[in-house]
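Let me begin by presenting the structure, written as structure tokens, before commenting on it.
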Amino acid sequence: MVEIESWFENRSTDATFTDTDYRGMSFTIGTTAEDNDYTLTDVEVRIKKNGSPTDDITAEIFAVDSSGLPTGTPLATTTIDHTNVTGSLAWVKFDMDNIKLERSTQYALVVKMESYTNPNAYQWAIEETLSTYTGGNVVRTQNGGSTWVNNSGEDFWFKINGILFVPNTTGGAGSTWIRRSYPFTSGLTPLTTKQEGRDPDLGPPELERTALKKEYVGL
């Protein structure tokens, strides 16, 4: 695993986020690490409890529009229990859907509460005066994500982690595949939009009929 993108150089304060008034951090692949395609594994943010919130926390990855603001539905999302966060600032990890993050592309990491009971919330370490991250900045919504604005010159502490993306080219150069399993059936004919492929973990061909056949579906 590698840090795909990260920033945690300066901290001036901590920004509160709730279920409707929350923020995110836009980031660009290739700003602080090698500019490659990656498979996302997890994200980390440096946060703490403010008061005694018992509501869970969700982290999401969004595509961004031409202004660098979150757009569409989340590309990946994960919710963790409130017990993973303490009253002191610490790195908190969110295991994410294994989506592809493309080189030289900007995304947004958004963190929010599932619900909010005043005054109990969470806070995220932020730098508001000595911003040095060049791949993005803080984005904010005050209406639950209906509209967003850029808070230029502000950076949250974050880490985007993953592994180098290596496509399975069974279906030809540039193809990407996911895998499904089903009991082997003699004479199976795949759909035209699908292609069968043998998986090395099935062992020799003569043992394949006693294992689970693998079906590779082009993304």
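The values are calculated or read from the model by the stated rules, or taken from the named source; none is laboratory data. These figures come from a predicted structure and were not determined experimentally. Virtual Cβ from ideal backbone geometry, glycine too; neighbours counted across all protein chains shown.
Meeting the requirement of 3 or more residues that are at pLDDT 65 or above, the strands (runs of 3 or more DSSP E) wholly within segment 94-207 are 106-113, 121-127, 138-141, 149-151, 158-164. Of all the numbered requirements in (1) closer than 28 Å to T83 by Cα; (2) assigned to a strand (DSSP E or B), D55 misses one, and that requirement is (2). Say whether the condition of being more than 18 Å from the chain's Cα centre (by Cα), in contact (Cβ under 8 Å) with a residue 12 or more places away in the chain and either surrounded by 14 or more Cβ atoms within 10 Å (Cβ to Cβ) or more than 27 Å from G72 (Cα to Cα) (or both) is met by at least one residue in segment 94-102. No, the conditions are met nowhere in segment 94-102. Could you figure out which of (1) within 27 Å of S88 (Cβ to Cβ); (2) of a type outside the set (G, A, S); (3) surrounded by 20 or more Cβ atoms within 10 Å (Cβ to Cβ) isn't true of N118? Result: N118 fails condition (3) only. Just one of (1) under 26 Å from G153 (Cβ atoms); (2) modelled with pLDDT of 95 or more fails for T78. It is (1). Screening T54 on (1) in contact with a helix residue (DSSP H, G or I) (Cβ under 6 Å, 6 or more places away or on another chain); (2) at pLDDT 95 or above shows it passes everything except condition (2).
Residues are listed down the side, and each one gets a yes or a no for (1) within 23 Å of I163 (Cβ to Cβ); (2) outside the structural domain of T117 (by TED's automatic domain parsing); (3) in contact with a Phe, Trp or Tyr (Cβ under 7 Å, 6 or more places away or on another chain):
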{"residue": "S66", "(1), (2), (3)": "no, no, no"}
{"residue": "I80", "(1), (2), (3)": "yes, no, yes"}
{"residue": "F94", "(1), (2), (3)": "yes, no, no"}
{"residue": "R103", "(1), (2), (3)": "yes, no, no"}
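Condition (residue is in a strand (DSSP E or B), modelled with pLDDT of 95 or more and crowded, with 16+ Cβ neighbours inside 10 Å) applied to segment 64-73: is it met by at least one residue? Yes, segment 64-73 contains at least one residue that is in a strand (DSSP E or B), modelled with pLDDT of 95 or more and crowded, with 16+ Cβ neighbours inside 10 Å.
Only one entry in D21, D55 is more than 21 Å from G136 (Cβ to Cβ), buried (at least 16 other Cβ atoms within 10 Å of the Cβ) and either in contact with a Cys (Cβ under 6 Å, 6 or more places away or on another chain) or touching a residue at least 60 places away in the same chain (Cβ under 8 Å) (or both), namely D55.
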